[in-house]
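I have placed the structure first, in the form of structure tokens, so that the comments after it can refer back to it.
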Amino acid sequence: MRELIYLTVLLPLAGFLINGIFGSRIKNEKVIGTIGSGVIGISFLIALGAFFETLALPVEQRQLIVTLFTWLDVGGLNVSFAYQVDQLSLVMALIVTGVGFVIHVYSIGYMHGDKGFWRFFAYLNLFIFAMMNLILADNFVLLFLGWEGVGLCSYLLIGFWYDRKFEKSTTSDAAKKAFIVNRIGDFGFLLGMFLIFLTFGSLNFNEVFSKANTFSVSASIYGFITLFLFIGATGKSAQIPLYVWLPDAMAGPTPVSALIHAATMVTAGVYMVARCSVLFASAPQIMTVVAIIGLMTAFFAATIGIVQNDIKKVLAYSTISQLGYMFLAMGVGAFSAGIFHVMTHAFFKALLFLGAGSVIHAMHEEQDIQRYGGLKKYMPQTAITFLIAALAISGIPPLSGFFSKDEILWYSFSNGSFILWLVGVITALMTAFYMFRLYFLTFEGKERFGHDKHPHESPKVMTIPLIILAVLSVIGGFVGIPEVFSGEHGNQFHNWLAPIFKDADRKLMHFGLHSHFEEILLMVISVIGASASILLARYIYLKKPEIASRTASRFKGVYNLLWNKYFIDEIYDAVIVSPTVMISKNVLWKIADNRIIDGTVNGVAKLIEILSATIRKVQTGVAQLYALVMVLGIAAALLWIILSF
Amino acid sequence: MYNNIQEFYNTLPLVIVAVGILISTVIEMYSNKSENFLSWFSILVFLASGFYSLFTLDSRSVVLQNMLATGGYVNIFYFIFTLSAAIVCFLSIDYLKKYDAYFGEYYILMQTSVLGMMLMAGAKDLFMIFLGLEVMSVSFYVLAGINRKRLTATESALKYFLLGAFATGFIVYGIALIYGTAQSTSFEIITTKFSELSGNLLFLTGVLLFLIGFSFKIAAFPFHMWVPDVYQGAPSTVAGLFSTAGKAAAFSAIIVSLFVLFTSGAMKIITPYLSVISVLSMFFGSIVAIAQTNIKRMLAYSSISHAGYLIIGLAASNSEGIAGIIFYLAAYSFMNLGAFGIVSIIEGKEETNLELNSYRGLGTRQPLLAALLSLFMFSLAGIPPFAGFFGKYYIFIAAIEAKLTWLAILGVMSSVISVYFYLRLVVLMYFYDSSDNIEIQKSNAGLLAVFISAILVVLLGVMPDSLLSLIISYL
């Protein structure tokens, strides 16, 4: 199966082509949905087969490169459509195709009756195609192709309902914002790629990373390379300062938010950093930057999440916050812990989004949690699965989130410092609090919606995916039980990925000087804290709702600051967007473009047109003249060779 | 003739076409309803010969008393010729019906011209080049005027013949001078004597005249004057063949006859001549194409400017340049055939719908044809990810490696100018409304031909290295 890995890329492409070209004629939703989900399902089975095949092989044979064809081979640049099957790419491929398949199936129910049904599935398949290129690529160029491809699909899907309003503007504006902010990050990523090519003379992962082990390259070069790459990651994975696009990306249909803006695409930055772990490990100062940016993002996004009232907005900030955790893990050198969190987060966050979608579906597009309440009675399956996901993200044992989050917190303490751990735990407590605020306001308590709404449970095609993801959210963490509990076997997930990160680990040289007692102590503290947060949320939002509004009015300043998301959008608008638009409009457009560039271009064009019309007259149609011109040409050539001899 | 059976197998691509000609002639003589049969028969002949060539790239040998080379890159040329001709045959089926201009000799001449091209590409002797050239050219002269009911076609054929014969005269003159100084017409012998001959003015003049004669065939400035008139007057399908396989054959003749000189760097003496006509062709073609209002004339000038880009590869005189030319010829053949194919489908009876203005609003009336034509225009303009981009890219890279960076820069500038008239067609199709609704006859075979071309253009653009590495390994 490993040799067939290219099919996991080509099948979604085939699905995109079929639905994209014939979709408008097929019309039958069942056929379109089956094709769209089917190709992803088969891809998942292939990835699964490849995974078990790899698992059976000895460690040193686990990497395989499948070359489809050479794309470019000129001037020292060799770029192939080659897919790399190894421990890391397999984990990612399983997440993308597995969670992707479940979300595709869910979409059949969610998008039922939409006039762009076929377009939706075509875009989703195109997204999976691009994403598989990104994670299976064996070189930076192919990775970048996927990187840009997922950005394009994200743009297309955020603006999918292009005729709908979103907040103060339209969904197209949200799509454009996502695209433009991502371009800033992509620019950094490109610079990083150029610098890698200049330094190592190759863009192939294996070559670059093996040269990074042997070449003596100055630390500052590594610093710049990794800084540029990390800027790319902050764009794609919504980190400070480029996170602003993700909350707006919620303008897209909810399955899109689940698939692209929670489970897969936004983790591409984390994957890329993990893939380049050797480079990052060679630049310790940038590792610190990564850790601090990740932690700050986690903390600030969580504070914003506490006060938001839009169900998808809360989840969006939660996603940003959880991505921050993953970067914290990368920054402290706990690469496999970060990837572990990518996986568990894909399960429970996709589940949260799909659950939210189910609620929104039932409540006729109402997204304000203040107008929900008591929905558990009407939609028990959605409520229970949502509760499981909320427990998982809060880090309650033995659900999946507990294992991955506590591993990150532990490494941030043992490889980093007490401060990193403390802020991390505070963020975790806030996470538990706002997730259960969301849960209680939505599913428990009094019904706060009008009589015009008739909430109902979603159809099976939507609830079964919820149940599957709920099961995964519960058991998904068992593959990575920490050494403290599992004893001599160690952490299975960590062992599986260890060969990928061994070079980076060697460079970082972290010694485990901490005792198991410390680890268990920290774990107990965070679990007790999270449980307390949940009970606090229950007390405030279920028993004494007036506390919430009283606190909000007492700390009006802080509340306003959080409610308005620290005014970051407004600041960006005033400092960057407005001046750029001003300069573009008044200087670049009216003077530089209209006068200078257009003037020159039009002038040259005019000149060439006149020249063209003049020369044209020579073409009279008289054959004798043609012969004469030839003779003149020959005479000139002969004269030249005789004279130059 | 043959020393062993293997040599016979090696020459099978030519033999298939030659037998095809004989069978076609016999059928044409005894049947009145040969039209349908002959078109499909010649397609079969071309495809059989072409794919046989492609699968026997390794059969390298020199056969028939050192007259003909087989295998290797020669077979890649065979494949380009035959596939182009097969595409033209597909296009011709409905085109000839539309004009009611089927004459028995049409498909036979198509086959003889391809045989001539193959003799040129495989030649190991100046006589063979000349023989092939004449077989091809005479077929072309007749094909240009095949629609003898039309005055324009006759005029086109006559002009082509007069000027073509004139140019051939110089080739013969060149061959005579080369023979006079080298005492041989065999490439092998000329090559071994080259070091002593390179200081001989008569020999160099011979090479120059030889090149000038072929400059006419490849439509390079200032020997290009026939091109717009002939392309306009000849049937669109035939013009497509002239501009693709015909041009490729002339380049193959230059490459096989001067191969050693080009790749050994000994051609430096001729480089100034090549550079000058290359620059003039590129700019002349691109600039004058802008003023054209007839699409066939526009494509004719585009063909002149493409000859200019191709000559850059000769001027670079290194193996990268030669490989680049072969790649470019393949890419150019398919994209230009696609463009001519669509022109031939849209063309109405009595040479209507050939003005650029008839393409207004085609995007809404004929979305498929418009999309395909846009694809070919993008490729001709050299915009990635289509084949045309990589053709130019490889040739410019070769020029830079040969320290002819200035030539590559001029090439890029000329490409920029050419974008104007290629994209103007796209703009006309998509951003203007049509004033009158022209009727377009359906042509399934023609559409198939255009589709094949489009697929090849995209494939060569997405995975160009597969062909280029093939060419390099068989050079």
Seminar exercise, completed: Percent of all Cα-Cα pairs per 5 Å bin for segment A:500-577, counting from 0 up to the last occupied bin, reads 3, 11, 9, 9, 11, 11, 10, 12, 14, 8, 3, 0
Exercise. For chain B, what D do you get in µm² per second when you plug the Kirkwood radius from alpha-carbon pairs into Stokes-Einstein at 10 °C and 1.306 mPa s?
Worked result: 72
Exercise. Reachable aspartates and glutamates from residue A:405, Cα under 14 Å, same-chain residues fewer than 8 places away excluded?
Worked result: A:519
Exercise. Residue farthest toward the positive end of the dipole of the protein assembly as shown, with Cβ of Lys/Arg at +1 and Asp/Glu at -1: which of A:400, B:469, A:71?
Worked result: A:400
For this session: Quote the charge dipole size of segment A:512-574 about the Cα centre in Debye, to the nearest 20; the model charges only the Cβ of Lys and Arg (+1) and of Asp and Glu (-1).
Result: 520
Seminar exercise, completed: Env charge @ residue A:301, Cβ radius under 12 Å, K,R +1 / D,E -1, value +2
For this session: Send over the Kirkwood Rh of segment B:1-264, from the inverse of the averaged 1/r over different Cα pairs, rounded to one decimal Å.
Result: 18.9
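Work out the length of the dipole vector of segment B:1-264 about its Cα centre, built from +1 on the beta-carbon of each Lys and Arg and -1 on the beta-carbon of each Asp and Glu, and round it to the nearest 20 debye.
Charge dipole of segment B:1-264: 360 debye, to the nearest 20.
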For this session: Only Lys, Arg, Asp and Glu count, each charged at its Cβ (+1, +1, -1, -1), so figure out the dipole size of segment B:270-475 about its Cα centre, rounded to 20 debye.
Result: 120
Exercise. So what's the gap between the Cα centers of segment B:63-96 and segment A:30-98, to the nearest angstrom?
Worked result: 40
For this session: Please label the shape of the protein assembly as shown as rounded, prolate or oblate, based on the square roots a ≥ b ≥ c of the eigenvalues of the alpha-carbon gyration tensor (a/c under 1.5 means rounded; beyond that, a/b larger than b/c means prolate, else oblate).
Result: prolate
Problem set entry | Degrees, to the nearest 10: A:598-616 long Cα axis against longest axis of chain A | 40
For this session: Output the relative contact order of chain A, whole-number percent, from Cα pairs under 8 angstrom with separation of 6+ residues.
Result: 11
For this session: When a/c is below 1.5 the answer is rounded, else prolate if a/b is larger than b/c, else oblate, so apply that to segment B:147-259 with a ≥ b ≥ c taken from the square roots of the Cα gyration tensor eigenvalues.
Result: prolate
Seminar exercise, completed: Checked segment B:302-453 with the C-alpha gyration tensor, a ≥ b ≥ c its square-rooted eigenvalues, rounded below a/c of 1.5, otherwise prolate if a/b is larger than b/c and oblate if not; verdict prolate
Problem set entry | Calculated from backbone phi, Karplus (6.51, -1.76, 1.60) coupling profile of segment B:92-103 in Hz, x at Gly/Pro | 5, 3, 7, 5, 5, 4, 4, 8, 6, 10, 7, 10
Exercise. Order of A:294-305, B:399-410, B:44-55, A:422-433 by packing, highest average Cβ count within 10 Å first?
Worked result: A:294-305, A:422-433, B:44-55, B:399-410
Exercise. Relative contact order of chain B: what whole-number percent is it, with Cα pairs under 8 angstrom and at least 6 residues apart?
Worked result: 15
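Within 10 Å of each Cβ in A:622-634, how many Cβ atoms from other chains are there, averaged over the peptide?
Mean shielding count: 6.
Find the eigenvalues of the gyration tensor of the Cα atoms of segment A:165-316, then list the square roots of 5 times those eigenvalues as equivalent ellipsoid semi-axes, largest first, in whole angstrom.
For segment A:165-316, the ellipsoid semi-axes come out as 33, 16, 12 Å.
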Exercise. How do A:148, A:60, B:347 rank by accessible surface area computed with a 1.4 Å probe, from largest to smallest?
Worked result: A:60, A:148, B:347
For this session: Hey, could you get me the Stokes-Einstein D for chain A, Kirkwood radius over alpha-carbon pairs, 37 °C and 0.692 mPa s, rounded to whole µm² s⁻¹?
Result: 124
Problem set entry | Cα centroid separation, segment B:5-29 to segment B:316-386 (Å) | 32
Problem set entry | Length-normalised contact order of segment B:1-264 in % [C-alpha pairs under 8 Å, at least 6 apart] | 19
For this session: Report, in degrees rounded to the nearest 10, the 0 to 90 angle that the Cα long axis of helix A:205-214 makes with the longest principal axis of chain A.
Result: 80
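If you filter segment A:403-507 for trypsin sites (Lys or Arg not before Pro), then keep DSSP loop positions with at most 12 other Cβ within 10 Å, what is left?
A:446
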For this session: Could you order peptides A:357-370, B:225-238, A:580-593 by the average number of other Cβ atoms within 10 Å of their residues, highest first?
Result: B:225-238, A:357-370, A:580-593
Exercise. In straight Cα distance, which lysines are under 27 Å from residue B:124, not counting same-chain residues fewer than 8 positions off?
Worked result: B:193, B:217, B:247, B:268
Seminar exercise, completed: Filtered hits (lysines, Cα-Cα < 19 Å from residue B:98, offset >= 8 within chain) -> B:33, B:149, B:296, B:349, B:442
Exercise. Got a sec? What order do B:320, A:29 fall in by accessible area at 1.4 Å, biggest, i.e. largest, first?
Worked result: B:320, A:29
Exercise. Averaged over peptide B:212-222, how many Cβ atoms belonging to another chain are found within 10 Å of each residue's Cβ?
Worked result: 2
Exercise. How far is helix A:400-411 tilted off the main Cα axis of chain A, in degrees rounded to 10, range 0 to 90?
Worked result: 80
Seminar exercise, completed: Partner shielding of A:613-620, taken as the mean number of other chain Cβ atoms within 10 Å, equals 4
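The values are calculated or read from the model by the stated rules, or taken from the named source; none is laboratory data. Remember, it's a predicted structure, so these values are computed and weren't measured experimentally. Note that we place each Cβ from the backbone using ideal geometry, even for glycine, and neighbour counts take in every protein chain shown. When the accessible area is computed, the model is the full protein with side chains, heavy atoms only, and any ligands, DNA or RNA have been set aside. Shrake-Rupley method; radii C 1.70, N 1.55, O 1.52, S 1.80 Å.
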